[in-house]
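Everything on this sheet refers to the single structure shown next.
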Amino acid sequence: MTAERIPSPVSPSAPARLARARASLCGLRIGDALGSQFFVPDNRSHLAAEELPAGPWQWTDDTEMACSVVTVLAGEGRIEEDVLAHSFARHHDFDRGYGPGANRLLRLVREGGDWRELSTGLFRGQGSWGNGAAMRVAPLGAWYADDPREAARQAVLSARPTHQHPEGIAGAVAVAVTAALVAASGTTPPEPAALLDAVLALVPRSAVELGIRRAASMLDYDDVATVAAVLGCGRRTTAQDTVPFTLWAAARSLGDFERAFWTTARAGGDIDTTCAIVGGIVAASPSGVPPRAWHRQTEPLPGWAEPACEEHADEAAPPGSGLR
C-alpha cells in the first residue's frame, strides 16, 4: 500500500501547517514531561496503577529539540539544516537530559564547530543511530500532512545535524511519515494495518523498517510486555530499539491520547522518549487531543519558542520559566 492511498484532505497553507505542528508538539511535550516523571522512584507505583503523579511535570531534551524543529519550520517554511543545527546549539540546556554525545556536539557547534564534521564523526565515524532524531520529529510530519513524501525528505534533513547513521535517519523518517498520515486522516483515524503499510512504503530499507514490519505483524497482540520484549522499548536508546514499538503503540490507540500514553509508558524503557513520539503522533489528529487537565500539569514551552506555542493552550498552566 502506498502513502497516497490514505486521503490527505488537508491544507498546504502555512497557517494550517503551523497549527498542525503545534498540535503535535503539544502531545509530544505532554508525553515527554509526564513520561519523564516515572524515572522518579516515588512515582513508579503510580505507573502500575495508571495514576498521575503530582505536577508540575518538566519536559526534557525531546521537547527542547522539537521546539527548534517547529520554530525553524515556522520561520523558514522548511528545514534549513544550518539554521536548525544552530538553533539546537543555541538553546541547548545541559540539564534537560541530553546524552553525552549530543552534549558535546552541541557545545562544540555553539563554540563555532562545523556540525557536519561533528555529526559525521560521532561513534568513530559511523554517526549516531540513537533515537534522538525520531523523538523530535512528529511535529514536522504533522506540518507536511498534505505531502507525506515531502515529510520523509524533510525528516532526513532534520536528522542530519545530530544523526548521520542510516538507522537514526530511518527512525526519523518513520515517525515523521506516521505523523503526516495521522494528521492527514482528520477526525477519522486510519486503520492500524493500513497506516503501517503506508509508512513502510516510505521508510528506507533498514533495521528500523524490519522492526516496523514486525510491529505490523503484532497489531493483534494485547500484552504490552510481550510486544516490548520483541520490538524493544528504547532501553538501548537506538532508533531500531525505539521506533517500531512506538508505531505499534500509536497505531493501536489513535484517537485516544490517554490510552496511547499508558500503553506506551507501561512498557518501561526510555519512557520520556517513547511517550514523546507516541504523543506527537496521536495528537497530530484532531481526534487525539490530550486531556485538558494534563495541559495544566505540564511545564509550558520556553519563551524563545513562541512560534511553536499553541494559542491559548497553556493559559492555565503553571509558570515554567523558572522550573529549571
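The values are calculated or read from the model by the stated rules, or taken from the named source; none is laboratory data. Predicted model, so just to flag it, every value in this text is computed and none were measured. Every residue, glycine as well, gets a Cβ built from its backbone with ideal geometry; the counts of neighbours run over all protein chains shown. For accessibility, only protein heavy atoms count, side chains too; no ligands or nucleic acids. Shrake-Rupley method; radii C 1.70, N 1.55, O 1.52, S 1.80 Å.
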Please list the non-local residues whose amide H lies under 5 Å from the amide H of THR242, H modeled 1.01 Å from N, same-chain partners needing a gap of 5 or more. GLY234
Where the only charges are on Cβ atoms (+1 Lys, Arg; -1 Asp, Glu), what is the dipole of segment 37-77 about its Cα centre, to the nearest 20 debye? 60 debye
Treat each spin label as a single point 7 Å out from the Cα along the C-beta direction, and report the ARG124 to ALA54 distance in nm. 4.8 nm
With the charge dipole of the chain built from beta-carbon charges (+1 for Lys and Arg, -1 for Asp and Glu) about the Cα centre, the Cα from SER36, PRO290, GLY127 projecting farthest to the positive end belongs to GLY127
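Could you list the chymotrypsin sites (Phe, Trp or Tyr not before Pro) in segment 217-263 that lie in coil according to DSSP, counting only those with at most 15 other Cβ atoms within 10 Å of their Cβ?
Values: sites: TYR221, PHE245, TRP248, PHE257, PHE261, TRP262; in loops: TYR221.
Sites meeting the loop and neighbour criteria: TYR221.
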Placing +1 at every Lys and Arg Cβ and -1 at every Asp and Glu Cβ, with all other atoms neutral, what dipole size does segment 174-305 have around its Cα centre, in debye to the nearest 20? 140 debye
When a/c is below 1.5 the answer is rounded, else prolate if a/b is larger than b/c, else oblate, so apply that to segment 91-137 with a ≥ b ≥ c taken from the square roots of the Cα gyration tensor eigenvalues. oblate
Tell me which residues come under 5 Å, amide H to amide H, from ALA284 once H is placed; ignore anything under 5 positions away on its chain. none
Interchain or long-range residues, amide H under 5 Å from TRP57's placed H: THR298, GLU299
Compare the Cα positions of ALA89, TYR144, SER45 along the charge dipole of the chain (+1 at Cβ of Lys, Arg; -1 at Cβ of Asp, Glu; about the Cα centre) and return the one farthest towards the positive end. ALA89
Run the dipole for the chain about the Cα centre, Lys and Arg Cβ at +1, Asp and Glu Cβ at -1, nothing else charged, and hand back the magnitude in debye, nearest 20. 520 debye
Percent of all Cα-Cα pairs per 20 Å bin for the chain, counting from 0 up to the last occupied bin, reads 38, 59, 3
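Let's test the formula: R0 of 35 Å, r as the Cβ-Cβ distance of GLU258 and ASP93. What FRET efficiency results, to the nearest 0.05?
Details: r = 29 Å, r/R0 = 0.82.
Computed FRET efficiency for GLU258 and ASP93: 0.75.
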Diffing segment 254-267: the Karplus 3J(HN,Hα) column from phi (6.51, -1.76, 1.60, θ = phi - 60°), in whole Hz with x for Gly and Pro, holds 4, x, 9, 4, 4, 4, 4, 4, 5, 4, 5, 5, 4, 6
Distance between segment 51-90 and segment 148-162 - C-alpha centres, whole angstrom: 15 Å
Could you work out what % of the accessible surface of segment 109-263 is carbon and sulfur, using a 1.4 angstrom probe and leaving DNA, RNA and ligands out of the count? 49 percent
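What value, in deg cm²/dmol to 500, does the helix sum -39500 (n - 2.57) over DSSP H runs of n ≥ 4 give at 222 nm once divided by the residues of the chain? The partial results should precede the final answer.
On the way: 17 runs with 184 residues, N = 324.
Per the formula, -17000 deg cm²/dmol.
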Per the rule of 0.36 nm per residue minus the C-alpha distance, extending VAL40 to ASP82 adds in nm 11.5 nm
Per-residue ³J(HN,Hα) for segment 244-251, Karplus 6.51 cos²θ - 1.76 cosθ + 1.60, θ = phi - 60°, Hz, x for Gly and Pro: x, 5, 5, 5, 4, 5, 5, 4
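Taking all protein chains in place and a 1.4 Å probe, what share, in percent, of the accessible surface of segment 1-101 do carbon and sulfur account for? Working shown, then result.
Working: 2280 of 4210 Å².
Here it works out to 54 percent.
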Note to self: with every protein chain in place and a 1.4 Å probe, the chain gives an accessible area per residue in Å² of 39 Å²
Placing each pseudo-label 7 Å from Cα in the direction of the beta carbon, ARG107 and TYR221 end up separated by a distance in nanometres of 4.0 nm
Along segment 26-35, what does the Karplus equation 6.51 cos²θ - 1.76 cosθ + 1.60 (θ = phi - 60°) give for ³J(HN,Hα), rounded to whole Hz, x for Gly and Pro? 4, x, 4, 4, 5, x, 4, 5, 5, x
Say the dipole of segment 160-277 comes from +1 at the beta carbon of Lys and Arg and -1 at that of Asp and Glu; which of VAL208, ALA225, ILE277 then lies farthest toward its positive end? VAL208
